[in-house]
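This report concerns only the one structure given below.
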Amino acid sequence: MIKRTTTKVTYRASSDIAFIKYWGKKNKTLRLPENGSLSMILNGLDTVTTVEFSQKLSKDDITIEGESDAKEVIRVVRHLDRVRALAKIELFAKVVSENNFPKATGLSSSGSGFAALTYAATRAAGLKLSEKEASILARQSSGTACRCICGGFVEWLDGETSPTSYSESIFPANYWDLRDVVVVVGEQKKKISSTRGHKSARSGKFYSVRQQHISEKIRRLKKFIKKKDFTNFGELVETEALEFHSILLTSQPPIIAWHPGTVEVMLAVQELRSHGLEAYFTINTGFNVHVLTLPKHEQQVRKKLESLPLVQKTLLAKVGEKPVEIKNHLF
Ligand code: DP6
């Protein structure tokens, strides 16, 4: 292996929200999902990561949000190993990563985190990957990261092999001005990680039913996005979220991701619609809620949701772009 001198590189990447969820893996090592998925990148829920490979280090030195003993550190080292193998270097790396939103609460911080790491580490190692290559590499660290490599509205294609399982942008960020009011009802770490949850995906009776209809659902949702048909889009996204949670609730062991505040928000969103404010919810494996709405309703939706007793705060995300290199290094 060649030892090379490398430079310090910093990337900012945004998280995403899946409209049609990735759930279950047909290959755990390669992280090939059981089904395709669709999402929107979230400008405003960002991770910044700086990477530098150095001859001076005798092991990887990783700090995530000020912590060096976090569980994610092992995953980061494994991903650096993939980058080292690709770049044919033996150097250890210093990595510092910061989010501007709560991690491990169902807001896909691993998606933005590993997308930023993929770009920063490959560039720092002297590689220049195409978007498709970056998506394939990011996928192996975290499924969501495979989508967060792209911008705008994103589809993760349901490939059977590693080279065919990657994401692409189906519409750019400026195609449709949607808003995601992210409703924070808690900042504590969720009890069950998505990675663990994926393992029990098939354990309930309803999973096979979901799988039979999922390609059709993706096809329909793409059509609604193309037509900017917010009502049909929102109804389908909300139905998918509830269907996804019925899979979680009926898994063995069951996964009850919701907190009381989660249910309060879900009911409030349905109530908003009865007053003519179009908004629809979706939830990942955490308890915080994504509420999708149109710019004209955003302020009222936020005001109403922030007034709920169990809501701590809301964050606002617009449709985001793909990761960008920035000059403000974290060390
Ligand atoms: C429910 O990407 O977090 O948010 O691949 O093990 O890192 P790993 O899992 P992860 O799973 C995300 C699951 C989901 C749905 C989605 O974002 O598509």
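The values are calculated or read from the model by the stated rules, or taken from the named source; none is laboratory data. If you're wondering where the values come from, they're calculated on a predicted model, not measured in any experiment. FYI the Cβ positions are ideal-geometry reconstructions off the backbone, even for glycines, and counts take in every protein chain you see.
Set side by side, the residues ALA93, ALA115 differ, and just one is crowded, with 24+ Cβ neighbours inside 10 Å and either within 15 Å of the ligand (Cβ to nearest atom) or free of Cβ contacts under 8 Å to residues at least 24 places away in the same chain (or both), which is ALA115. Residue check: ALA85 meets all listed conditions (1) at pLDDT 95 or above; (2) under 30 Å from THR239 (Cβ atoms); (3) out of contact with any strand residue (DSSP E or B) (no Cβ under 6 Å at 6 or more places or on another chain) but one, namely (2).
Out of curiosity, is LEU137 away from the ligand (no atom under 14 Å from the Cβ) and hydrophobic (A, V, I, L, M, F, W, C)?
no
Going through LEU272, LEU236, LEU267, LEU248 one at a time, which residue ends up being of a type outside the set (D, E, K, R), assigned to a helix (DSSP H, G or I) and either over 26 Å from LYS304 (Cβ atoms) or at pLDDT below 95 (or both)?
None of the other options fit; the residue is LEU248.
Considering only residues that are of a type in the set (A, V, I, L, M, F, W, C) and not in a helix (DSSP H, G or I), which ones fall in the range 285-308?
Selection gives PHE287, VAL289, VAL291, LEU292, LEU294, LEU308.
Taking into account only those residues within the range 270-295 that are away from the ligand (no atom under 14 Å from the Cβ) and closer than 18 Å to TRP176 by Cβ, which is surrounded by the most Cβ atoms within 10 Å (Cβ to Cβ)? Restricting to residues being away from the ligand (no atom under 14 Å from the Cβ) and closer than 18 Å to TRP176 by Cβ, the top hit is VAL291.
Between LEU267, LEU242, LEU308, which is under 23 Å from the mean Cα position of the chain (by Cα) and surrounded by fewer than 21 Cβ atoms within 10 Å (Cβ to Cβ)? Write out each step before concluding.
Working: LEU267 fails: under 23 Å from the mean Cα position of the chain (by Cα); LEU308 fails: under 23 Å from the mean Cα position of the chain (by Cα).
One residue alone meets the criteria, LEU242.
Selection over the range 148-165 of residues that are of a type outside the set (S, T, N, Q) and either farther than 18 Å from ALA116 by Cβ or within 10 Å of the ligand (Cβ to nearest atom) (or both) gives a count of 9.
Kindly evaluate ALA145 against the criterion of being closer than 22 Å to GLY320 by Cβ, buried (at least 18 other Cβ atoms within 10 Å of the Cβ) and within 13 Å of the ligand (Cβ to nearest atom). Considered against the rule, which asks whether it is closer than 22 Å to GLY320 by Cβ, buried (at least 18 other Cβ atoms within 10 Å of the Cβ) and within 13 Å of the ligand (Cβ to nearest atom), ALA145 comes out as yes. In the range 167-179, the count of residues that are touching a strand residue (DSSP E or B) at 6+ places or on another chain (Cβ under 7 Å), closer than 28 Å to ARG302 by Cβ and of a type in the set (Gly, Ala, Ser) is one or more.
Considering every residue within the range 219-230, establish whether at least one is more than 20 Å from ILE170 (Cβ to Cβ) and surrounded by fewer than 18 Cβ atoms within 10 Å (Cβ to Cβ). Looking for residues that are more than 20 Å from ILE170 (Cβ to Cβ) and surrounded by fewer than 18 Cβ atoms within 10 Å (Cβ to Cβ), one finds none in the range 219-230, hence no.
Checking each residue in the range 166-197 for being touching a Lys or Arg at 6+ places or on another chain (Cβ under 9 Å), within 13 Å of the ligand (Cβ to nearest atom) and within 30 Å of PHE230 (Cα to Cα) picks out only SER167. Consider the range 28-62 and keep the residues that are free of Cβ contacts under 8 Å to residues at least 60 places away in the same chain and part of a strand (DSSP E or B). The one that is surrounded by the fewest Cβ atoms within 10 Å (Cβ to Cβ) is SER54. Of the candidates THR50, THR63, THR29, the single residue that is closer than 25 Å to ARG202 by Cβ and among the β-branched types (Val, Ile, Thr) is THR29. A single entry from LYS205, LYS223 fulfils the requirement of being away from the ligand (no atom under 14 Å from the Cβ) and outside any helix (DSSP H, G or I): LYS205.
Could you check how many residues of the range 148-167 are closer than 22 Å to ALA121 by Cβ and either out of contact with any helix residue (DSSP H, G or I) (no Cβ under 8 Å at 6 or more places or on another chain) or outside any helix (DSSP H, G or I) (or both)?
8
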